[in-house]
Structures are given as C-alpha cells and as structure tokens.
1. Filter the strands (runs of 3 or more DSSP E) completely within the range 713-790 down to those with at least 1 residues that are over 60 Å from the mean Cα position of the chain (by Cα) and either modelled with pLDDT of 90 or more or surrounded by fewer than 17 Cβ atoms within 10 Å (Cβ to Cβ) (or both).
2. What are the residues in the range 363-383 that are aliphatic (A, V, I, L, M) and closer than 20 Å to Ile449 by Cα, if any?
3. Looking only at helices (runs of 4 or more DSSP H) that lie completely in the range 59-122, which have at least 3 residues being modelled with pLDDT of 75 or more and among the aliphatic types (A, V, I, L, M)?
4. Which count do you get for residues in the range 385-417 that are under 23 Å from Val439 (Cβ atoms) and touching a residue at least 40 places away in the same chain (Cβ under 8 Å)?
5. Sort through Glu860, Glu822, Glu796 and tell me the only one that's in the same structural domain as Gly762 (by TED's automatic domain parsing), at pLDDT below 85 and among the charged types (D, E, K, R).
6. In this structure, does Asn898 turn out to be within 25 Å of Pro492 (Cβ to Cβ) and modelled with pLDDT under 75?
7. Would you say Gln486 is polar (S, T, N, Q) and at pLDDT 80 or above?
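The values are calculated or read from the model by the stated rules, or taken from the named source; none is laboratory data. The structure presented is a predicted model; accordingly, all values stated were derived computationally and were not measured. As a convention, Cβ positions derive from the backbone with ideal geometry for all residues, glycine included, and neighbour counts pool all protein chains shown.
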Amino acid sequence: MAEDITEKIPSTNNLTTDIDHQSPSKQLQNLPSTELLVKLSPHAIALLDCNMRYVMVSPCWQENYGLSHQDIIGKSHCELFPHSLPYWEEAYRLCLQQHQTISREDCLVRPDGDLEWLRWEIHPWYSEDGDGVIGGVIMFTEVITASKRLQQHLCLQSILTGIIGEFTNFSLASGKFLEDVCSGLNWDVGQLWMCDGQNHQLNCDRTYLHPHQESSLSWELTAINQYLIDSHLLHQVISQVKPMWVETDVTAGINSGLAFPIICDRAVVAVIVLLSPKKRFQDFHLLEIMLNVGKKLGQLYKRQQIETQLQQSQEQLAAKIEKRTAQLRQMQMRLSRLMDNVPGMIYQFRLDPDGSQSFPYVSSGCEEIYGIKAQAIYENAYVLFGVTEPEDLPILEQTIIESAQTLAKWELEWRITTPSGEKKWLKGVSKPELQADGVIIWDGCIVDITERKQAEISLAELNEQLEQKVTERTNQLQQIQTQLQQMTDNIPGIIYQFILDTKGNQYFIYISSGCRDIYGVEPQLILENSIDIFANIHPEDIPKMQESILHSAQTLEKWELEHRIITNSGQQKWLKGISKPQLQPDGAIIWDGCIFDITAQKEAEEKIREQEEFLRSIYEGTEHCVFVFDVLENGEFRYSGWNKSTEKITGLSYEDVINKSPQELFPGSQGEVIYQRYQTCVQTGTTISYEECLKFHDTDMWFLTTINPIRDSYGRVYRCIGTSLNITDRKQAEEALRESQQRLQTVISSAPIILFAIDKAGYFTFSEGHGLKKLGLQRGEVIGTSVYDMYQDTPEIIEQINRALQGEEFTCISEMPGICFESRYSPVYNQAGEVTGIIGVSVDITERKQAEIQLQKQKEDLQAALQEIKRTQTQLIQSEKMSSLGQMVAGVAHEINNPASFIHGNLIPASEYTQDLLQLIQLYQQYYPEPVAEIQEKIAAIDLPFIQEDLRKIFTSMQEGTRRIREIVLSLRNFSRLDEAEFKTVDIHEGIESTLLILHNRLKGKPNQSEIQIIKKYTAIPQVECYPGQLNQVFMNLLTNAIDALEGIVNPCITISSQILADNYVQIQITDNGIGIPTEIIGKLFDPFFTTKDVGKGTGLGLSISYQIIVEKHQGRLYCQSTPQVGTTFVIEIPIQHRI
C-alpha cells in the first residue's frame, strides 16, 4: 500500500542504534570493516550506490527476500522489485540531495510473489576518501507483516465489537462499518450493495466517500457503479460466496478494490465493496479476515430481521394481551439466543448495598470463555472469581470497587485458568448504573483476547532475542581475531608467509610465535631481518635449501624439504618445511607454509635402525638353526631367511635357499612332508613342534623343529619363523640302546630251562630243556614217571602240582638241595572245561639266587640310571623348546613393542591436531555458512559430517588397539620371564593372568565349541619365592590340559582358586567340568611320555615336567583329584618361603 502512514508508526532508529551509535557516514569510511559488520549483522541491511544498484547486503536481507548474493549484487532496486511505488525513487532522491534520513512502512511484493510489509529507513553514506562525497544510501528494513496483519485484524475486531455493541439496525451498522473501515484502513470509497434473494437483483444501498476524496473530480460514482455491474464481479462474489479483488479499471479511476459477501444463513444478502484510486497490493490474508467480517455482519443482518419481525408481531398483537405476553416471552428467548451468538459473554452483574454479589444474567458465551455453565454462575457468582489468576484477583476486585464508587465505566484485562486447565487472557467492558434501591448493576461483555496477548508477548520476546543476538555477534566478532592468533600460536611448529620479489629480495611478511621454540628467535626480529634465520641452516644443507627454493619459484610446485639447523644456543635440530607458492600480479612469489621440528622422529628412526642391527646380531649369532619362509597368496612357501648356524649345520648357504620352495630344496617325498607340516601350521595358525630326519650331503640328520606363524594386520599368516635343534646324537644313543635290549633278549631266550607236561593222574607226559642236566636227567627220561614218587621227599613240589591240577595258574620258586628253579604252572582244559593236565616251565635260577643281592643292586642302579636318563631327556627337550620359545617371544615382543609404542605415542598429538582442524572447519562453517559451489560439492562428495564423527571413533579404536598390543607384549614377557630365571619373589596371580591372556584365543567360542568361562576365586596371598618362568610353564601345561578336556562339553568352565594353607604353603587349584579321568590311570599321569591324547596332540611330557618343577624345584606338592563325568582338579602346593 502506498499511503504515507509514517506519522502513525514509531521511529525505526532502533534498527541502527543496535549496530553503531555513530552516523552512517562515519560507519562507512572503511568499507572492509563495514562489509564484515554487514555480514555478521542479524538485521536486514543493504548498501546501494547513487544509481540505486545494490553494493552489499546482509545474510538476513537475502533470507527475507529469498534471493542469493549473486541475484542481488549489481542489480538495481527496480529490477529486483518492479512493483516498487514511485515515491521510493523520490525518497531515494531526497536522501541523496538533502542528506536526510527517511523512514516509512511499505507493502512489497517479493520476487516469489509473496506479499511482505516492511518498515524501512535509509541514510546517506560517504565514500572512503573522506572528501564528503555521497556514495549512496544504506537501508535498514524490518519485516512487520505479522504485526500489520495483527493490526488489521484488531482494527476490524474493534470496529465489529463497537458496531455490534452500539447498533441493532443493519443499515445503520453497515454505514458505520463503511465509515470506520475506510478511515481505519485508508480505503477511499466504500459501498454496500444489497441483494434480492429471489431474483439476485443488486442495488447500491449506500456509498461512503473518504473526506479527502469528496471533492475529487477524478471519481465518477456512476462510472464506478456501471463498471461493477458490467464486470459481473458482484455476481461472482455472490455465486462463489467468497471475497475477491477488484480488477483495475482506468476509465472508472480504479487501481485497487476489494469485494466481500455478507452471509446470513449460508446465503449472500449483501456485498461490501472497498475501492481506491491508488495501487494497493493484493494481501490474500486480508481476504480471509474479510470473509469472517462478512459472516459477523450477516449475523447482525439476521438480528435486524428478527427485530423487524418482532416489531411487526407486537403491532399485530397489541390488542391481544395474552398472545402479547407469549410473544414477549418468545422475544426474550430470541434476545437470549442473540446474546448467545454475540462473540464473548454478555452479562449483568449486581452489587447489593450489603456487599453481596450476583449475576442476574449471563449469556451462553460463558461456557466458551470460562468453561462454566450459566446455571453454575447463577447459583454462585464467586465461581468466576475463583478461576482468576491469584496475581490478578486483587486488581479485579479493586477496579470493581472503584467503578462502584465513581460509577465510571469498568474496563480491565486479566488472566484466568479454566476448570480444564487452559490459560486465557480476558478483557471486560461494562457500565455501572445505580438503581433506586441502592443496588448497582453493570451491563457489559467479556471477550477472549488470548491470541492478541500471545502475539504481543511473542513480539516482545522476538525484539529481546534480536537485541541479544546483536550483542552476541558483536562479541563473537571481537573474539575471532584473538582466536585466530591463539590458533596459530598453539599449532605445533611455525606458520609463515615468505616472499620473493622481482628484485630478488627474500623476506618473511608473517611468522607465528612457534619460531621461539624452534629457532629460539622472537618473531619480530625475523620480520625485521629475515636473512639472519638462513644463517642457522647447517652448512651441508645450505645448497640443498637454495636449490629447492629456486626450483619451487621456477616451477611454482610445492616446496618440501627436510634439513638441519644449528640454533644460537648450539643445539642441532632436524626441521621439515612444506609450503605452496603463488605468483602475484606484480611478479612476486609468496609461499604460504609451515615448518615442523622432526628431531624426535629422526632420533626414533636412528634407534629403530640400531635395534634392527641388534636383532640381526642375535639372529646371526645364535647356535640354533633359525629360518624364515614367506606364505604367498597362492599358498606356496618361499624361504626368505637362513642364519649362519643353519648354513654351518646343513652345508647350504643363504644364496642356495633364498626364494626356493621346500620341494625345490628337498626333492622327492622329503620336500612334500615338509610342505604338509608347513601347511598345517598356517591352517591352524598355531605353533607346532615335531621331529624330522633330513638328508644333507648323503648324511641323515635328526632335528627337533618348531614353527611359529606370524600374522599381518588383517589376521592372515604371511610369514613363519622356524627353529631347529640338532638331535642327531640323541637319536643315535636311542638306537644303540634298542640294539642292546635285543641282544639281552637273545641271551635270555637261550638260557637253560625245563619244559614239562603232567597228565591228570600226575604222570610226566613231556620233558625238554637244557635245564634237565642240572637234575642229572636227559630229555624225555622222566616221561611216564609219577610226580608223587619222584618228589616224595619234596612235598612243596607235590603241593604246587596239585594246585595246578585243580585249575590254578601261578608262578613259584622251588628249592631242592643245591639247586633252585622258578616254575610256571598252567592247567590244560578239554572242551568240557575240565582240567586234563598241566604244562609248565622251570628256569634254573640257582646262579641268580646266588648273585641275587648283587643283581638286585645292579637292577636298582640301572633303574636309577634309566630314570635319570629319561628325566635328563625330558629336561633337555623342554629346555630347548622353552629356550627357543623364549627367544622367539622376546624377539617378537620387542619387534611388536617398538612400532606399537611409536604409534601409541603419536596417536595423542595426531588426535589433537585432528580436533584442531575439525574445530577450524566448524568455525569456517559458522562464519561462512554458504561457501562457493565447488566447496559445497566437495563437502557432499566426501560426506564431511560423517568424517567429522568417524575420525573421533577411528582414533579411539586405534588407541584401544595399541593399548591391547602393549598388554599382550607385556603378558608375553611376563609369561616367558626371560629376565627372571633366578629364584625370586613374585605375585602368582600375575603369572596366572598372563597365562590366561596368552590362551585367550583358545578360550573363545568356535563354531563347534562354546566359549570357556573362567571363574576366579582368588584370595589375598603374599608374594611367593619361586622360579617365575618355570611356574608359568606349569600353569600353561595345566590350563592347556583343562582346555583340551573341555572339548565338546556344553557350558565349559574352568575354575581357578587360591588360598593359604596352615603350614606356610600356598595352594592353587585348577578345576574343569570335563568328563574326568579314570581312577586307574591317575597314578600314571606324572610318568614321562604317558598321555591319553590322540597321536600328534600330546607328547606326555607336560605333567611330568610340571611334577619335577613343583616337587623337585620348589619342594612342593602336585596331585590330581578327579570324578568321572564331573570334572578334574589339579592342586599345586608350594611353600611361600623356602627355608635354607
């Protein structure tokens, strides 16, 4: 709308005072700072030049008008807003010529077609030369569409409320409505067209002209009326029953118009037309308001009809008193309904002289407003005071008392809470009247103003929020520079700008405070004399530095160099510099880059190289055979390592075996066997040990070989390390022992014996053997002789024969004068199971008896020697195995620990650097929310929000992974105890935990095996004197056996408990819930080479070695308790302190 209503609105100076208290001319002397201020302002601000072209706009301006920065800058105001009225150009001209501030309220059509009400203010601004020349205007705008629409709504609501309360005649009320609407909303002409409901004939009932248009000659009412009839606009409003805008008609002088129906009982009874010769924008929100106004006026029209009918009824029934009474009652009812249909609540309030209060009448609107029925109010007037907010009740009572005392109009706004809990704002207006009996009666109405109050509160909150945001943005602007400086100061290393001008001069134009830490020089000194810093470069690196700078300048490629410096204090450092050159318009080259101190990294690399040399010396210096082979992707094995000891023992050099497969190195079946063993290690992923015989230069050699798999970061076995112990001498000793046993068996078989047979009657039926000579008998000489006759002088022999004839098989010793035999009697049975005779063998043991003492002693000596041999053999095997395993574990642990520590130590600064970069990105996103299209595409392509979130998770998982590696390395060292081979005091629980950690993989669930649960029942026990490495080996053997025993068990479980015994012993129990161990083999568990496992799964040495370690090494006890189908418990008891 183009009318000048500047005088009716408050000043908009608050839009500028929020930004700067100085004049706009002073604000714009420095355009760069003004640009930053405009970008950060929460208000809609625009700068235009003298040609009305946009120079700069704030983000709020772009958001208000739905335009991008590219759509606005450089365009004229008329191009963007073609509907702008002529007075805008006039206002622009006055602002530039007279240097004055101009403010107005306008209705503007946005480029997207939406209608906006704006309050705007313009000021001149001056060029940055300071010569007083006006550069254009700066405009501050505020969208007031919501408040304008609220103002229109309240204006119409006030007009309707006044008319409905004042008039009952529709004709008078409509005339008053036309006058008030034209005056309040600045319409020039208002007309009321009545409609004949039967034939739809239209008649202009009345016309209202705004006072400033009454004398205007440009208006011809006849032409206007004819245009409205010819255009069929009024008939369209009637047929469609909705408001419509009047089309422009130059002949009738109409530029804007609005027509809306007055609806009564869903029929159009009249049409109100509002016209203006000036251009007004079509606000469709106003159409919705006018439709509701038409309905309200229709209610008034209906009320007039009712009143007319009532008057006619009174005249017709004047002579009929009884009928008149009935009609009066009917009229009262109609009036009550009329009161009920009026918006709000109509009431009569009575105050008696004694102070009692009551409501003689309330309309049904009380239920809509208060949520209370009229009958409840009649019965108890105080119920309405009961729902009033406690804070507003004293004011309500006080205003009623004042109105009663002065008989002045009572008017108040207050709050209530309905019985349903709804909060409302009410406005009451009534006029008191003193009755003859001293009673005061107020006639008035109460309306619901909740929506209006909420709008006012929201508007106040919005203003407060805008002021707060301006303050916050100003503070943020002041903090940006400080934050940027702190950021560069806190970033490790140096951030700098280095320039090479066309004259060959080199100098720094910016350098961060990191130069203090790296060069030991203040930034200002470097900026004043940049050449001095090059004097710190190590003399050997100066040519390399000059060459790299020259190359970067010539090619404009990224400059990157690692070099050394010597600080003024004499300290040598390694630095790494990275920068990117940019060619300037004047031919100069500027490098933006950074320099980092990499001294620690260089020192770490040197340490790693030294450690590699140390491990290489161990690898080459050990006496055992050590070899390495790689596992290729296709499943082949290729040798990649072959130490000096292996070359010496096998006679094969490193060059002979490198990159060769087992089949190539060992032709025939020997190579295939080796390949299968390697394949088993890779497939199982576990360490395997075995004995093998290999032929080198036509010589068979025996080895005890152990293969250890190594996995990469993906868990794949990519390499294996093998160690071999030459056991050829041991094998040869075992073969010699076997041959000796065979010779002994031959001697025994050829010894003199007597073989004989006796029938059931006691007669010899067979006699053979060289032993007969001892008795002075020949072969077969005693056949047919009765044993009872032959041995009548030796009754013990006859007794032995009788025992055998009775079916007993036994061995016994028979002594006769000068000779002694050991005889074996075995009964002979027929098919019926009856004893038919006996057979026997007798061995002359006379000499054995004579040398029994000596033989027994030799036997005991032999047994002791045999046990010692077995024990030595077991210890030798295990010692070699543990030595190889310990050296391998130490090497692997050391190899893993170094890179893991390096990674773990760098993760924290890497995480901090990443967080700094992410925070920098967030600041860019906060202060530059709309980057260029290329950056937006890149952000979408890389999914920047996901990267920001996932980076934190990646660093957390990497830190957890390195921590896990370090724990495993510590556990391996603790288990192997290579540095604790001596007798010392340790925590036994720590050794158990290390063993469990190493066996963690076997405890986990597998497709055909449930996860094994570990239950720990530890009690507080003191540290124990022991051999830690050997004791850990016992824990490993017992836990491994328990795991093997739980194969195929549902809900497998291992319980580990500890306690202190009364005799200064500590007891460790390891219990599984497996199938148990049969009672008959428990006594053999600790025998060397005894095992119940399948071939290839056990050597039978684990428990034997454990028994020796506990019993012999620690003077303790190791025993087994087992219940079939329940479980097995191994108990370890060792002294806490060993008494010397």
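1. On the way: elements: 717-726, 753-759, 764-768.
The qualifying strands (runs of 3 or more DSSP E) are 753-759, 764-768.
2. Listed by number, the residues that qualify are Ile369, Ile372.
3. 86-98
4. The total comes to 2.
5. Glu822
6. Details: within 25 Å of Pro492 (Cβ to Cβ): yes; modelled with pLDDT under 75: yes.
In short, yes.
7. So Gln486 does not fit the description; no.
Quick grid of which residues meet (1) within 14 Å of Ile595 (Cα to Cα); (2) over 45 Å from the mean Cα position of the chain (by Cα); (3) modelled with pLDDT of 90 or more; (4) of a type in the set (S, T, N, Q):
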| position | (1), (2), (3), (4) |
| --- | --- |
| Ile491 | yes, no, no, no |
| Ile494 | yes, no, no, no |
| Lys503 | no, yes, no, no |
| Arg516 | yes, no, no, no |
| Ser530 | no, yes, no, yes |
